[in-house]
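K.L.:
Can you read through this structure? Questions will come right after.
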Amino acid sequence: MDWRNKVEKIAQSTNLPIRYLECSNHEVDQLHMEQEKDGWEICNVTRMDDRTIGVMIQPEHWHPSARSLLELLFTPISNVDPFTGWLVQLLEVPTTPPPRYVREQAWRDRRLCFFLQRCQTESRMDMEWSALQPLLKDFFPGADASLQLVPLQPELCLLLVPLSYLDTDNKLEREIALELAFGLHEMLSCEWMEKFRVLVSLPIEQPASVGVSFLQLHTLSLALQRFCPKIMVAASWQYPLERWASTLSPETFSQVVDGLSAVLPFSPLTHEQRETLETLFARQLNVSEAARQLFLHRNTLLYRLDKITEATGLDPRHFPDAVLLQLHLLFRRN
């Protein structure tokens, strides 16, 4: 729930007296009495586990038509189960502990966590996430009763899938997770005719651990939107540099850019050189696999890499140099 951000935006854009409220349930009555003395009114209250969240306004400054809009912007979620409410709250307060209901719940087997994100929020938002259920039953045959679809926002949803229902076929868990993520992405894109991003984490042991995986995937989503917007399918263990860079403050980010410019004072790379390096890095510096991805003869790729070494003084096949070049690509394009 993003009530705090909404309140801040309303206050900045309208200059109307409005505040965000968050307290424990047993404190709300006393707080209500105290705020009334100062001319504040608590409205649009909702409760999540043992906490109360709401909005406070000074009524005399609010026109009735403006106040009625608050009902649309701040919809109580008292009918939302504690698990969903906790995950939504994590977006605002990442340290929010899981409610008692979630802590006491247990799974029989581990589950994969898929982060489903609609990237074109202006189109077909009338489509509810619940409409995915029939498609998921076909995609995960035999697991439909244990699938857990958790809508969090109109553009964001989590999907939890028991690992025991999947045909692992002696594959590594990371392979299974990524294969399913690519399959889900293809299915969603084709069936809903929208642009989706599908992210996946490693299997989760218990419900209380979902929050950690959810925040990891949310951070990955922000990193991809900023640094790799064309990447639509990824896993929580991928793109570590991008995830790290997305957590930097603007000041620190600028300092890193200045530092790299001093250490790597070569001319900007061409589009072909950037594409070559990005493919090589995505293939863990495996020249043969990168050549296949680029539809090049291996010797042609080696020639390109030699030309990059001539231009930069760094050999992208050498790991320390590859790290510097990857940092250069990451920070220079942002």
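K.L.:
Give the relative contact order (percent, whole number) for the range 248-332; include only Cα pairs under 8 Å separated by 6+ residues.
P.N.:
Value for the range 248-332: 30 percent.
K.L.:
Sticking with this structure for a sec: Starting from 0.36 nm per residue, how many nanometres of slack lie between S65 and E205 once their C-alpha separation is accounted for?
P.N.:
Value of the extension gain: 45.5 nm.
K.L.:
Test of understanding: ordering Y239, Y20 by Cβ neighbours within 10 Å, fewest first, what list do you get?
P.N.:
Fewest-to-most ranking of Y239, Y20: Y20, Y239.
K.L.:
Going by amide H atoms built from the backbone, whose H comes under 5 Å of the H on T52, apart from near neighbours?
P.N.:
C23, S24, N25
K.L.:
State the number of lysine pairs found in the chain whose Cα atoms come within less than 30 Å, restricting to pairs 8 or more positions apart or on distinct chains.
P.N.:
Lysine pairs satisfying the spacing and distance rule in the chain number 13.
K.L.:
So if each residue of separation counts as 0.36 nm, and I subtract the Cα-Cα distance between R47 and H26, what length gain in nm does that give?
P.N.:
Result: 6.4 nm gained on full extension.
K.L.:
Quick one: dipole size for the chain, taken about the Cα centre, charges +1 on Lys/Arg Cβ and -1 on Asp/Glu Cβ, in debye to the nearest 20.
P.N.:
Using only the charged Cβ atoms, the result is roughly 860 debye.
K.L.:
Under 15 Å from the 7 Å Cα→Cβ point of Q148, by amide nitrogen: which residues of the range 187-220?
P.N.:
Correct set: 201-215.
K.L.:
If I take the Cα coordinates of the range 96-244 and project them onto the principal axes, what are the three extents in Å, biggest first?
P.N.:
Largest to smallest, the principal-axis extents are 38, 36, 35 Å.
K.L.:
With the Cα gyration tensor of the range 248-332 in hand, give its eigenvalues times 5 under a square root as the equivalent ellipsoid semi-axes, listed largest first in whole angstrom. Numbers along the way, then the final one.
P.N.:
On the way: eigenvalues 124, 34, 21 Å².
Calculated on Cα positions only, the semi-axes equal 25, 13, 10 Å.
K.L.:
Turning to a different aspect of this structure: With a 10 Å Cβ neighbour count serving as the proxy for reagent exposure, in which order, fewest first, do H61, H297 appear?
P.N.:
Ordered by Cβ neighbours within 10 Å, fewest first: H297, H61.
K.L.:
Rank the residues C23, C228, C190 as a footprinting-exposure proxy: fewest other Cβ atoms within 10 Å of their Cβ go first.
P.N.:
Going from sparsest to densest Cβ surroundings: C190, C23, C228.
K.L.:
For Cα pairs less than 8 Å apart in space and 6+ apart in sequence, what is the mean separation divided by the residue count of the chain, i.e. the relative contact order in percent?
P.N.:
Values: 410 pairs, mean separation 40.9, N = 334.
After rounding, I find 12 percent.
K.L.:
By how many nm would the segment from E128 to L16 grow when fully extended, if each residue of separation counts as 0.36 nm and the alpha-carbon distance is taken off?
P.N.:
In short, 36.9 nm is gained.
K.L.:
On to the next question. Using only alpha carbon positions, build the gyration tensor of the chain, then give the equivalent ellipsoid semi-axes as the square roots of 5 times its eigenvalues, largest first, whole angstrom.
P.N.:
The answer is 43, 28, 17 Å, longest axis first.
K.L.:
What is the packing order of peptides 276-283, 85-92, 247-254, taking the mean over residues of other C-beta atoms within 10 Å and listing the highest first?
P.N.:
Values: 276-283: 18.9, 85-92: 20.8, 247-254: 10.6.
For the peptides 276-283, 85-92, 247-254, the packing ranking is 85-92, 276-283, 247-254.
None of the figures in this text is laboratory data; all of them are computed from the coordinates on show. It should be emphasised that the depicted structure is a prediction, and the values quoted were computed from it without experimental measurement. Here the Cβ is made from the backbone with ideal geometry for all residues, glycine too, and neighbour counts use every protein chain on show.
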